[in-house]
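The values are calculated or read from the model by the stated rules, or taken from the named source; none is laboratory data. Bear in mind the structure is a predicted one, so any value in this text is a computation, not a measurement. Note that each Cβ is placed from the backbone with ideal geometry, even for glycine, and that neighbours are counted across all protein chains shown.
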Amino acid sequence: MSCRCFIVPPHLLRGIAESTSNPDHVREAAKASLAAHDRVSSIRRERMATLAEPRGPGAAPLRASPFIPEGLLARLSTSESVDEATRTRAKRDLGHLQSLMAKAPEAQQEPADVAVELAAMGKGKDSPKDAPYRAVYDAKKSQDEDELPGELIRAEGEAEVKDKDVNLAYDNVGHVLDFYKKYFNWKSIDNKNADVISSVHFGEKYENACELSAQRKIWDPQKLQMVFGDGGEFLKNFTGCIDVIGHELTHAVTEHTSPLEYMDQPGALNEHISDVFGIMVKQMVEDEKSDKADWLIGEGCLVPDVKGLALRSMKSPGEAYDDPRFGKDPQVDNMAQYEKSFEDNGGVHIFSGIPNKAFYLAAVAFGGYSWEKAGQIWWKAMNSGKVPPRCSFKQFADVTVDCAEEEFGEDAAKKVRKAWTEVGVTRSV
């Protein structure tokens, strides 16, 4: 199992670990989280590099649609707590899953063939995979990834439970999936109604939220796994921050549209895309138009006594927080401040502030809701086939300008170009 993305960036963890304003136990906890972040960074880079490699027309898919475990489907197929449609769908999916499980010995010899069959699940109009399943588990404070997902607490279609974090995770994942489907006609994270599993209460005072991909058996496709800690001294409420959940799920969407290498400028664009869709989901839920929104990512994650507003600001990168216990927000908002870095995969969380500011400027220039024009342009760019794995800011800017003209005309293209120019990303020659 590997963690592909942490919502809390390494520079913030490093600031906590190095600040003499913090007690020893806080600094040690931050060091442990930072070490975990560093360990998995190379895995994420390898994953995105693999996705970016050219593949022949006959190659098996790198990632098939995930599915909910057999036990959960069995529970849903007979549960009186869900409606008949959910029970019927669960029964059909259970039968399909059991037929695939029977092929496990064959899959040890021919995993690609089984992967193709799994990837085909949900393509036909009569397929049972017509909607994603959500499930939320309790990790019971364990920080052992091998024990995930934990104990099942709430499955698709079931009523609210007593655990607030379970309900928040369930509802907010649903909001994100609904957002993609309603405004971009995109089904779940892979456009094939992939299931989404979440685990809450991960670790002791774990100050982060992340997306894990778990490879189970050779015949089992990769499974999307959201993991939420309860927070600690400075950070909390990850399940309650819908922009955090939107950000994490969008990393998976990016894999299925334009995989961007997780280093340097393409890595910063990868983070930027997740922030863009995370903030749009938040603005949808709060019914805020572009000129009235605060454009803050992770606004609800900071505890009250922290001197700051959020983890990041798309409107004013570099001004999200300034606290002696973990330093000042290091994000930049203009190419004049861009420099080669060897930390954080080339500064993917720092330099994402440049395209973030460009999107903010474009959205405000268009007016209305951010997803009506600016969001549609960015989405069209990600699905255009013109965003290479090693895409630079300039290349991405040019693609968005072209998409703006194709979608909304010359005046829209001028507004997008102006937004990029204001952050120092000028026309490619």
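Does Glu160 satisfy the criteria of being closer than 22 Å to Ala74 by Cα, modelled with pLDDT of 95 or more and touching a helix residue (DSSP H, G or I) at 6+ places or on another chain (Cβ under 7 Å)? Yes. Within region 257-284, if we keep just the residues that are over 19 Å from Asp398 (Cβ atoms) and among the acidic types (Asp, Glu), the residue that is surrounded by the fewest Cβ atoms within 10 Å (Cβ to Cβ) turns out to be Asp275.
Filter region 312-357 for residues that are among the small types (Gly, Ala, Ser) and under 19 Å from Gly278 (Cα atoms); which is surrounded by the most Cβ atoms within 10 Å (Cβ to Cβ)? So the residue we want is Gly353.
Taking the conditions (1) at pLDDT below 95; (2) under 19 Å from the mean Cα position of the chain (by Cα); (3) under 26 Å from Phe326 (Cα atoms) in turn, Phe234 satisfies each one other than (2).
A quick yes/no check of all residues on (1) surrounded by 24 or more Cβ atoms within 10 Å (Cβ to Cβ); (2) in contact with a Phe, Trp or Tyr (Cβ under 8 Å, 6 or more places away or on another chain):
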position: Phe359; (1), (2): yes, yes
position: Ala363; (1), (2): yes, no
position: Glu372; (1), (2): no, yes
position: Trp378; (1), (2): yes, yes
position: Lys394; (1), (2): no, no
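Of the helices (runs of 4 or more DSSP H) lying entirely inside region 332-429, the ones with 2 or more residues being over 20 Å from Asp294 (Cβ atoms) are found at 344-347, 374-382, 393-408, 410-422. Determine whether region 265-275 contains at least one residue that is hydroxyl-bearing (Ser, Thr, Tyr) and over 23 Å from Gln337 (Cβ atoms). The answer is no; no qualifying residue exists.
If we keep just the residues of region 158-193 that are more than 19 Å from Val253 (Cβ to Cβ) and within 18 Å of the chain's Cα centre (by Cα), which is surrounded by the most Cβ atoms within 10 Å (Cβ to Cβ)? Filtering region 158-193 for residues that are more than 19 Å from Val253 (Cβ to Cβ) and within 18 Å of the chain's Cα centre (by Cα), the one surrounded by the most Cβ atoms within 10 Å (Cβ to Cβ) comes out as Tyr170.
The condition of being over 22 Å from Phe184 (Cβ atoms) and touching a Ser or Thr at 6+ places or on another chain (Cβ under 9 Å) holds for only one of Asn383, Asn345, Asn356, that being Asn345. Return yes or no: is Pro355 out of contact with any His (no Cβ under 9 Å at 6 or more places or on another chain) and in contact (Cβ under 8 Å) with a residue 40 or more places away in the chain? Here the answer is no, as Pro355 does not meet what is asked. The residue that is modelled with the lowest pLDDT, counting only those in region 244-269 that are closer than 18 Å to Gln331 by Cβ and part of a loop (DSSP other than H, G, I, E, B), is Tyr262.
In the set Lys292, Lys315, only one residue is closer than 16 Å to Ala363 by Cα, free of Cβ contacts under 8 Å to residues at least 12 places away in the same chain and assigned to a loop (DSSP other than H, G, I, E, B); that residue is Lys292.
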